[in-house]
1. How about segment 1-49: which of its residues are of a type in the set (A, V, I, L, M) and not in a helix (DSSP H, G or I)?
2. Here are some conditions: (1) closer than 23 Å to N112 by Cα; (2) of a type outside the set (D, E, K, R); (3) surrounded by 12 or more Cβ atoms within 10 Å (Cβ to Cβ); (4) touching a residue at least 40 places away in the same chain (Cβ under 8 Å). F88 meets all but one. Which one does it not meet?
3. Give me a count of the residues in segment 50-82 that are assigned to a loop (DSSP other than H, G, I, E, B) and either in contact (Cβ under 8 Å) with a residue 12 or more places away in the chain or not assigned by TED's automatic domain parsing to the domain that holds K115 (or both).
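The values are calculated or read from the model by the stated rules, or taken from the named source; none is laboratory data. Keep in mind the model is a prediction, meaning the values are calculated, not measured. Here the Cβ is made from the backbone with ideal geometry for all residues, glycine too, and neighbour counts use every protein chain on show.
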Amino acid sequence: MKTYFYFAILLGLGLLTKAFYMDDFISGVMALIPFWFAYSIYQPKVDHNRCTEHFVGKITSIKWSTFRLNTEKTYNVTVVYGNVTKTFKQLPPEFSHQFSTGDSISIQANPNNLKESYLKY
């Protein structure tokens, strides 16, 4: 996976360089594709089978995300649990109707790595 990540970054940089030196708008736009691919590889995936420990966390902030789902805003939620502060990104629009800042929420986490976790609501 690391090889694909570095290849995508190099390809994106090459396309940006070509776009800059040759005044090629199409290459500049095409450079976004490898960067998006590298970003999707870099995002950590949570394995639900490894998350066996249960925590009750407290929501410290709910903010709008720049990502939209069917033209509706999604939310980034910051939660404190087990001496860890984590921001869960791109939660569905219904989340703000169910929870608010200061509420408790259930979390499943990996006992070996508490940052690997997911909300259980």
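1. Residues satisfying the conditions are M1, A31, V46.
2. The one condition F88 does not meet is (4).
3. Looking only at that region, the number is 4.
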